[in-house]
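Have a look at the structure below before the remarks.
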């Protein structure tokens, strides 16, 4: 599974990477993957799987999926 | 005096070429502790009612906050305030960088400039020595050349220079200022006011230390050490250092609120071409900082390819990337770096400049302006070269640039027809690149802010939607609620009100939006303790919010005095229409919900819901009842 951690979500990844490739059992709950990676769900505002927004609590993912996660975005400069 | 200031204001009359020193006492400063509060006080008391923005009587105030120059991260900001040529109301623009702290070290809390010099001049402040110097040789020159020339002729490389550019000289209504070429007081046309005074630059050198001004310098120094260490240990500040604001692009696009094609759309089909990974690979040469700040959120870029982009003027922030990019239908990253450099070189506000070009593109596509008006330029969305040419024409007020230099509201009035529907502005100031259809309190912020549409006047809903998020938990002690980003309600108005007061206090005390929670890593008690250490005052978080609320009320009173009413506290019609694409396709702001939330907000603020004037009771509560007397004068 190709995982993109947008914004400050990459801070939680053990090596602070914003792009991670991981292997997951077929039809795994995305929320369980995040638990494994120690990425707090409270920081995730948007979850996108293969280009479509999904519900973080119920979405299931497999190895072939492209997953993008974004934190809440505040003001710029 | 040891309460974070020398208690000195420098008064400059450019017409008569005179300067004088004014002092204030601690009791005054506790009510107006610098920045926006001090500047608004001066503007409201001293600017003659009805004096126009380019009238020599207009007052340009450059003001530090009580914490500006304190040696801890994000305590760098100063404000520039005057009557705005873009809105004809309260104008303000804050910046970080190095100039504010240098002014503090020179012993001044503020510089107040009136009149108009007969010929171009610049101001030279070295501690308590002040000189008005000839600037005829600097007029019309690029900021980098001006900075080098001033440092050479004064034989001091450490001089910090605040200046306008060609945009301000030509009275472009959204012209800004820069210090150190990389930090910008961009909004509301303060550069044009300075240009109207024939003042090109204010050069400063100071040799005192903040520690000599603070009541408890040891506590301030300890906070500096703590925060410098925390930058990398806190996700929000780590992200600002790692990616900076350009990192916002993909998240906003995924959320469906990346303003695209003049706010018609919320997602851009070529967003991959302007994402942070590409920016880092193709543009980035360094991460830069403001005075004593460990966050280092500023980007430096250089391009030597299809475009030549100098590394002198700073890299594009998120706002510039989107306003000149997707909002104009453009996804060419190198061209956007060039466009950003041009805005910074000419000293135009890149938000208003991009928004004005997007407006012109939509007018062109609807046949309201044609090739005759554009001088043969095919001004359609997506035309990169046309966008770059427009920046040049606006800065020099050539061709159609002369019309667009007036900003979208005035240009729409001149063009006529449906053009006003394409002007994405509030009170005359163009919208920043955040779509309230996905974060409704940003709509309240755009509508009610005294300086027109501003994205840094409060926290954004998205940061506060989840009670488990680091942003919400940080700001929770202020008494806010976690609410869905798209909810628009009385309780949303209440949370907005609390955070507007909190953020407004940053503009008074001199802290950056990227310092305190909920946007970043400095906690509520640390802000309070920093103020206590600087001043010796027994302040609380509630008093900090009252400091912010008081400054907002002064700005509001200024607008009310100049004839502003609730009719100016509205949003562009387009935001009440559905977004065309992206994750929030179909989303809009309901007029009924918006009006109800605004009613709630006026109630919370203690303002009349029709005139928007603060009530006498509110002004008394804030310790500024004199403002009620002033508003009652005919």
*For segment B:281-322, what are the residues that are more than 14 Å from chain A (Cβ to nearest Cβ), more than 22 Å from residue B:177 (Cβ to Cβ) and touching a residue at least 60 places away in the same chain (Cβ under 8 Å)?*
B:294
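Among the helices (runs of 4 or more DSSP H) confined wholly to segment B:574-634, which include 3 or more residues that are under 27 Å from the mean Cα position of the chain (by Cα)?
Counting at least 3 such residues, we get B:591-605.
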_Residue, surrounded by the most Cβ atoms within 10 Å (Cβ to Cβ), within segment B:239-256, restricted to residues that are more than 20 Å from the chain's Cα centre (by Cα), within 8 Å of chain A (Cβ to nearest Cβ) and under 20 Å from residue B:286 (Cα atoms)_ = B:243
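What about residue B:543, is it within 14 Å of chain A (Cβ to nearest Cβ), modelled with pLDDT of 95 or more and under 24 Å from residue B:620 (Cβ atoms)? Break it down into steps so the answer makes sense when it comes.
Details: within 14 Å of chain A (Cβ to nearest Cβ): no; modelled with pLDDT of 95 or more: yes; under 24 Å from residue B:620 (Cβ atoms): yes.
Here the answer is no, as residue B:543 does not meet what is asked.
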*What number of residues in segment A:1-16 are under 16 Å from residue B:250 (Cβ atoms) and away from every other protein chain (no Cβ under 11 Å)?*
2
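Search segment A:17-28 for residues being surrounded by 11 or more Cβ atoms within 10 Å (Cβ to Cβ) and outside any loop (DSSP other than H, G, I, E, B), and hand back the single one that is nearest to the other protein chains (Cβ to nearest Cβ).
Quick first cut of segment A:17-28, residues surrounded by 11 or more Cβ atoms within 10 Å (Cβ to Cβ) only: A:17-20, A:22, A:24, A:28.
Narrowing the set further to residues that are outside any loop (DSSP other than H, G, I, E, B) leaves A:19-20, A:28.
On the way: A:19: 8, A:20: 14, A:28: 22 Å.
Residue satisfying both the conditions and the ranking: A:19.
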_Residues that are crowded, with 17+ Cβ neighbours inside 10 Å and either more than 11 Å from every other protein chain (Cβ to nearest Cβ) or in a strand (DSSP E or B) (or both), drawn from segment A:43-52_ = A:46, A:47, A:48, A:49
*If you go through segment B:420-449, how many residues are closer than 27 Å to residue B:523 by Cα and more than 8 Å from chain A (Cβ to nearest Cβ)?*
12
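Give B:235, B:217, B:259 a once-over and let me know the one that is more than 9 Å from chain A (Cβ to nearest Cβ), touching a helix residue (DSSP H, G or I) at 6+ places or on another chain (Cβ under 6 Å) and over 14 Å from residue B:322 (Cα atoms). Break it down stepwise before answering.
On the way: B:235 fails: more than 9 Å from chain A (Cβ to nearest Cβ); B:259 fails: over 14 Å from residue B:322 (Cα atoms).
The unique qualifying residue is B:217.
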*Quick one: which of B:585, B:534, B:597 is within 14 Å of another protein chain (Cβ to nearest Cβ), modelled with pLDDT of 95 or more and farther than 21 Å from residue B:43 by Cα?*
B:585
*Any residue at all in segment B:266-276 that is within 23 Å of residue B:401 (Cβ to Cβ) and either modelled with pLDDT under 95 or buried (at least 19 other Cβ atoms within 10 Å of the Cβ) (or both)?*
no
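Say whether the condition of being part of a loop (DSSP other than H, G, I, E, B) and within 17 Å of residue B:176 (Cα to Cα) is met by at least one residue in segment B:67-77. Explain how you work it out, then say what you get.
First, pick out the residues of segment B:67-77 that are part of a loop (DSSP other than H, G, I, E, B): B:67-77.
The next check asks that each one be within 17 Å of residue B:176 (Cα to Cα); those that pass are B:77.
Yes, because at least one residue in segment B:67-77 is part of a loop (DSSP other than H, G, I, E, B) and within 17 Å of residue B:176 (Cα to Cα).
For residue B:443, indicate whether it is part of a helix (DSSP H, G or I) and either in contact with a helix residue (DSSP H, G or I) (Cβ under 9 Å, 6 or more places away or on another chain) or at pLDDT below 95 (or both).
On the way: part of a helix (DSSP H, G or I): yes; either in contact with a helix residue (DSSP H, G or I) (Cβ under 9 Å, 6 or more places away or on another chain) or at pLDDT below 95 (or both): yes.
So residue B:443 passes the test.
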*Evaluate segment B:501-523: report whether one residue or more is out of contact with any helix residue (DSSP H, G or I) (no Cβ under 6 Å at 6 or more places or on another chain), part of a helix (DSSP H, G or I) and surrounded by fewer than 20 Cβ atoms within 10 Å (Cβ to Cβ).*
no
*asked:* Tell me which strands (runs of 3 or more DSSP E) are completely within segment B:133-236 and hold 1 or more residues being more than 21 Å from residue B:59 (Cα to Cα), or say none if there are none.
replied: B:160-163, B:183-185, B:199-205
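Conditions tested, residue by residue: (1) free of Cβ contacts under 8 Å to residues at least 24 places away in the same chain; (2) assigned to a helix (DSSP H, G or I).
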position: B:330; (1), (2): no, no
position: B:341; (1), (2): no, yes
position: B:354; (1), (2): no, yes
position: B:361; (1), (2): no, yes
position: B:414; (1), (2): yes, yes
*Is at least one residue of segment B:493-502 at pLDDT 95 or above and in contact with a strand residue (DSSP E or B) (Cβ under 8 Å, 6 or more places away or on another chain)?*
yes
_Which condition from (1) in a helix (DSSP H, G or I); (2) under 20 Å from residue B:254 (Cα atoms); (3) more than 12 Å from chain B (Cβ to nearest Cβ) is the one that residue A:58 breaks?_
(1)
*Test each condition in (1) away from chain B (no Cβ under 14 Å); (2) modelled with pLDDT of 95 or more for residue A:40 and report the one that comes out false.*
(1)
*How many residues are buried (at least 18 other Cβ atoms within 10 Å of the Cβ) and either out of contact with any helix residue (DSSP H, G or I) (no Cβ under 8 Å at 6 or more places or on another chain) or over 24 Å from residue B:6 (Cα atoms) (or both) if we restrict to segment B:546-573?*
17
*With (1) surrounded by 13 or more Cβ atoms within 10 Å (Cβ to Cβ); (2) touching a strand residue (DSSP E or B) at 6+ places or on another chain (Cβ under 9 Å); (3) more than 8 Å from chain B (Cβ to nearest Cβ) as the list, and residue A:31 as the residue in question, which single condition is left unmet?*
(2)
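Restricted to segment B:458-493, and to residues that are in a loop (DSSP other than H, G, I, E, B) and within 20 Å of residue B:512 (Cβ to Cβ), which residue is farthest from the other protein chains (Cβ to nearest Cβ)?
First pass over segment B:458-493, keeping only residues in a loop (DSSP other than H, G, I, E, B): B:458-460, B:465-469, B:479-489.
Still in the list and also within 20 Å of residue B:512 (Cβ to Cβ): B:458-460.
Details: B:458: 9, B:459: 7, B:460: 5 Å.
For segment B:458-493, the residue satisfying everything is B:458.
The values are calculated or read from the model by the stated rules, or taken from the named source; none is laboratory data. Note that the coordinates shown come from a computational prediction; the quantities given were computed from them, not determined experimentally. Methodologically, a virtual Cβ is constructed for each residue, glycine included, from the backbone with ideal geometry; neighbour enumeration extends over all protein chains shown.
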